[in-house]
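**Student:** Quick one: structure below, then a few questions.
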Amino acid sequence: MLSLVLCCVLGLNTILAEKAPRMELNDGNKIPTVALGTGRMTAGGTQNDEVRDAVLWAIEAGYRHIDTAAIYGDEEEVGQGIADAVQKGIVTREELFVTTKLWNDKHARDLVVPALRESLKRLNLDYVDLYLVHFPIAVKSDRSPDNIDYLETWAGMEEAKELGLTKSIGVSNFNQTQIDRLVAKSKVKPAVNQVEVNPTLTQEPLVSHCQNLGIAVMAYSPFGFLVARKDREAPPPRADDPVLVRMAQKYGKTTAQIVLRYLIERGLIPIPKSTNKERIAQNIDLFDFKLTKEEIDTISLFNKNLRVVSTPFWKNYPNYPF
Ligand SMILES: *[C@@H]1O[C@H](CO)[C@@H](O)[C@H](O)[C@H]1NC(C)=O
């Protein structure tokens, strides 16, 4: 009975204000430092409904940043979740920060703005806050390699920003050499580089290089192999790793929250992905504790330069970044 009452009280939407502090980007826009990740759970049609709910629950839990991409195939559901939240009066569009990404087959300069307009149509928005070049690699519509310089793609991104279709522009999966070339050869510096960062792929050199250039780093797959429940071969740390469990007990948090806080302390913007209401709320409940320098260094020792997201099929394509 008590648990039933508790459940209903909690279920009566404790709607929270913006939870993650914002960070100023190099173009003056302010990015919320935790984003809800979407995509990859969206292969089947029915699962896309989960994205709509997840977006609404995230906004109710205090997220103001939602991350999607054209290739995820869920921009419509993300847009519906946003519309639900706005309609319920929880937020206005202006209070939200929406990120989406240009896919590899739209790298020709003249295809960038139309691709963004298509994304906006699916999202049912007039603008996004951040538009990213998803990979430095260009492919043709038959997925064979295309020889388009990402500087050409970037000129299209600059045009999209000038047109007001996106407030900020950035890249994803660019390595240090590519970042340097882009910064040296373009009018508008990328505001963001979104790359994989987690305890088994700590990326210190790339992260500090970007941060020193004033480029914010968003961290995808922030849990690394922590959540690889079925893969017994996955390297540590797993969710029950004693080192993380000790920290979790010390702070009264979960090991997942410890890992997200580790990324926050490194000045990163983690993009935890979940469609579970409770975990969505946990994944942004990170701002009432702080790890010590020693604990941060201890977590970094898990590094193996090992990717959760690898793309071996592009290995021989021009501009392969890994
Ligand atoms: C980045 O990618 C390019 C293109 O594949 C490659 O030539 C370069 O060596 C890479 N740089 C780093 C730092 O990995």
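**Student:** If you scan segment 242-286, which residues turn out to be outside any helix (DSSP H, G or I), closer than 20 Å to Val308 by Cα and small (Gly, Ala, Ser)?
**Tutor:** Ser274
**Student:** Can Arg22 be described as open to solvent by 70 Å² or more (accessible area, probe 1.4 Å), modelled with pLDDT of 95 or more and touching a Pro at 6+ places or on another chain (Cβ under 9 Å)? If you could, list the steps in order and put the result at the bottom.
**Tutor:** Details: open to solvent by 70 Å² or more (accessible area, probe 1.4 Å): yes; modelled with pLDDT of 95 or more: yes; touching a Pro at 6+ places or on another chain (Cβ under 9 Å): yes.
Answer is yes for this residue.
**Student:** Any residue that is open to solvent by 50 Å² or more (accessible area, probe 1.4 Å), of a type in the set (A, V, I, L, M, F, W, C) and at pLDDT 95 or above - is there at least one of those in segment 276-296?
**Tutor:** Checked segment 276-296: at least one residue is open to solvent by 50 Å² or more (accessible area, probe 1.4 Å), of a type in the set (A, V, I, L, M, F, W, C) and at pLDDT 95 or above.
**Student:** Checking the condition over 21 Å from Leu36 (Cβ atoms), in contact with a Ser or Thr (Cβ under 8 Å, 6 or more places away or on another chain), open to solvent by less than 10 Å² (accessible area, probe 1.4 Å) and part of a loop (DSSP other than H, G, I, E, B), which residue from Pro136, Pro237, Pro190 passes?
**Tutor:** Answer to the selection: Pro237.
**Student:** Still on this structure, I have one more. Would you point out the residue of segment 193-203, among those that are within 13 Å of the ligand (Cβ to nearest atom) and on the phi < 0 side of the Ramachandran plot, that is surrounded by the most Cβ atoms within 10 Å (Cβ to Cβ)? Steps first, answer last, please.
**Tutor:** Residues of segment 193-203 that are within 13 Å of the ligand (Cβ to nearest atom), as a first pass: 193, 195, 203.
So of that shortlist, the ones also on the phi < 0 side of the Ramachandran plot come out as 193, 195.
Values: Asn193: 27, Val195: 25.
The selected residue is Asn193.
**Student:** Separate question: Quick test for you: out of Thr177, Thr166, Thr153, pick the one residue that is surrounded by 16 or more Cβ atoms within 10 Å (Cβ to Cβ) and either modelled with pLDDT under 95 or within 16 Å of the ligand (Cβ to nearest atom) (or both). Even if it seems obvious, please write down each step before you answer.
**Tutor:** Numbers: Thr177 fails: surrounded by 16 or more Cβ atoms within 10 Å (Cβ to Cβ); Thr166 fails: either modelled with pLDDT under 95 or within 16 Å of the ligand (Cβ to nearest atom) (or both).
Every option except Thr153 fails the conditions.
**Student:** Another question, if that's okay. Restricting the search to segment 44-55, which residues are surrounded by fewer than 22 Cβ atoms within 10 Å (Cβ to Cβ) and either under 16 Å from the mean Cα position of the chain (by Cα) or at pLDDT 95 or above (or both)?
**Tutor:** First, the residues of segment 44-55 that are surrounded by fewer than 22 Cβ atoms within 10 Å (Cβ to Cβ): 44-50, 52-53.
Selection gives Arg52, Asp53.
The values are calculated or read from the model by the stated rules, or taken from the named source; none is laboratory data. Computed from a predicted model, the values in this text were never measured in an experiment. Cβ sites come from the backbone with ideal geometry, for glycine too, and all protein chains shown count toward neighbours. When the accessible area is computed, the model is the full protein with side chains, heavy atoms only, and any ligands, DNA or RNA have been set aside. Shrake-Rupley method; radii C 1.70, N 1.55, O 1.52, S 1.80 Å.
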